[in-house]
1. Take the residues in the range 121-133 that are open to solvent by 10 Å² or more (accessible area, probe 1.4 Å) and assigned to a helix (DSSP H, G or I); name whichever of them is nearest to residue 261 (Cα to Cα).
2. Do you know which residues across the range 300-318 are open to solvent by 10 Å² or more (accessible area, probe 1.4 Å) and more than 24 Å from residue 358 (Cα to Cα)?
3. Scan the range 233-255 for residues that are of a type in the set (A, V, I, L, M), under 30 Å from residue 380 (Cα atoms) and buried (at least 20 other Cβ atoms within 10 Å of the Cβ) and jot them down.
4. Take the range 57-85 and flag every residue that is among the small types (Gly, Ala, Ser), within 18 Å of residue 17 (Cα to Cα) and more than 18 Å from the chain's Cα centre (by Cα).
5. Tell me yes or no: at least one residue of the range 4-24 is over 16 Å from residue 168 (Cα atoms), modelled with pLDDT under 85 and touching a Lys or Arg at 6+ places or on another chain (Cβ under 6 Å).
6. Among the candidates 35, 71, 136, 53, which residue alone is buried (at least 23 other Cβ atoms within 10 Å of the Cβ) and under 23 Å from residue 252 (Cα atoms)?
7. Have a look at 59, 68 and point out the one that is in a helix (DSSP H, G or I), within 10 Å of residue 110 (Cα to Cα) and of a type in the set (Gly, Ala, Ser).
8. Where residues in the range 270-299 are within 27 Å of residue 134 (Cα to Cα) and free of Cβ contacts under 8 Å to residues at least 60 places away in the same chain, which of them is surrounded by the most Cβ atoms within 10 Å (Cβ to Cβ)?
Amino acid sequence: MDAQKITQIAIRGRWAVAGIFLANGFLTGSWAPQIPVFLTRLDISKFTLGLLILLFGAGAVTAMTWCGHLISKHGSRTVLCWFGLVGSFGLLVVALAPNVPLAAVAMFIFGGSIGGMDVAMNANAVAVERRLARAIMSSSHGFWSLGGFAGGALGGFAIQNYGHLAHATVVTALAFAVIAVAIRYLIVEDRHPVAEHHKFALPANPLVYLVGLMALLTMISEGAVLDWAALYLRQELGADLAIAGLAYAAFSGVMAVMRFLGDGVRNRFGAVTTLRASALAAAAGMLVAGLAPSPWLAIAAFAFCGLGIANMVPIIFSAGGNQEGMASGTGMSVVTTMGYSGILVAPSAIGFIAEHSSFGPIFVALSGLLIVVLVMAGLAHRAEFAAEPAPAE
């Protein structure tokens, strides 16, 4: 096959995996406006709702843990087909659940399908990066942020005017259509020599766990802003509800824009340098937010933090998927599982600490975690890549 044809296949694969990121973000974002209806429809307490959401996270982590093994056996494209097509129905299954026991099963399945998609789509994005010899991970995550924004922004309007079942049905149809088209053009990565085994085992290389630790520390900070920034502005800085809501909006908006610009920055300056600068910016923003005397300064600081965090996770994921002597799916599984554990576990821990302290010192402490990532940034050198020839097809 000539070089031009190989390049065309890789470019189609690049946009196909972007479509999967978009659909995954859209499904996840569409769940958020369903939560109030879910609470009242099942007539449950916030505590019970928290347990059901925890089951979503448990399903995600369970799938993430096994997904690397599945990718090593079948390839990221095949695994992404499985999880993607099943995952497109996840929100609809939750919306149809008539009682708490069935809702618990539905939430676990929904979380598992979204988590499995996450590992497989990131592994496939790494394969595209190798094929094209340039970064596409940041913009891929930008498409995820765009999908999440669209799902969250449109969901409330749709549910209010057409009902939660109609909303879930339309979301399912759109996600299924995008995924069904995209999977036809996903690239097939080379089988890694160590991926020929069929027995599940955790990787022995300690470096992949250190890369996972960087993902964990970064995503703890991201989850803290998501769950607690608005409450911090409201309770401790005296902001009204409208202004308090701008904290995460500014953070996520800047992060989405920067993710679309991030590949160009990374291609020019390299993964390690970009990660160091990003970690420094994120730490500075988090520090100022924790010390801010006014809501508007805190909002600006959270936006600056989003500017830094935007490209940290994509670079760390690329490093996880490019570990030496390890299939990309295996490394990606470890790093994503460790990273998303931060978002799942940290919010409750932060809430417990905040009951006995305040949010300001917590955000200051989180800036210290981001400095740890800055110090460890050299471990992301595996995210630097050279051209990888495509196999003959």
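The values are calculated or read from the model by the stated rules, or taken from the named source; none is laboratory data. This one's a predicted model, so the numbers in the text were calculated from it and none came from an experiment. All Cβ positions, even for glycine, are placed from backbone atoms using ideal geometry, and neighbour counts span all protein chains on display. Please note that ligands, DNA and RNA were not included when accessible areas were found on the heavy atoms of the full protein model with its side chains. Shrake-Rupley method; radii C 1.70, N 1.55, O 1.52, S 1.80 Å.
1. Start the filter on the range 121-133 by keeping residues that are open to solvent by 10 Å² or more (accessible area, probe 1.4 Å), which leaves 130-133.
Subsequent filtering for residues that are assigned to a helix (DSSP H, G or I) retains 130-132.
Details: 130: 19, 131: 20, 132: 18 Å.
Per the stated criteria, the residue is 132.
2. Here is the first cut: in the range 300-318, the ones open to solvent by 10 Å² or more (accessible area, probe 1.4 Å) are 300, 303-304, 307.
Correct list: 307 only.
3. The initial filter retains those residues of the range 233-255 that are of a type in the set (A, V, I, L, M), namely 233, 237, 239, 241-244, 246-247, 249-250, 254-255.
Now drop any that are not under 30 Å from residue 380 (Cα atoms), which leaves 247, 249-250, 254-255.
Scanning the range 233-255 gives 247, 250, 254, 255.
4. Looking only at the range 57-85, we keep the residues that are among the small types (Gly, Ala, Ser), and these are 57-60, 63, 68, 72, 75-76, 84.
Filter again for within 18 Å of residue 17 (Cα to Cα), leaving 68, 75-76, 84.
The one that is among the small types (Gly, Ala, Ser), within 18 Å of residue 17 (Cα to Cα) and more than 18 Å from the chain's Cα centre (by Cα): 75.
5. Here is the first cut: in the range 4-24, the residues over 16 Å from residue 168 (Cα atoms) are 4-22.
Next, only the ones that are modelled with pLDDT under 85 stay: 4-10.
Adding the requirement that they be touching a Lys or Arg at 6+ places or on another chain (Cβ under 6 Å) leaves 10.
Yes, the range 4-24 has at least one match.
6. The unique qualifying residue is 136.
7. Working: 68 fails: within 10 Å of residue 110 (Cα to Cα).
59 is the lone residue from the list that is in a helix (DSSP H, G or I), within 10 Å of residue 110 (Cα to Cα) and of a type in the set (Gly, Ala, Ser).
8. In this case the residue turns out to be 278.
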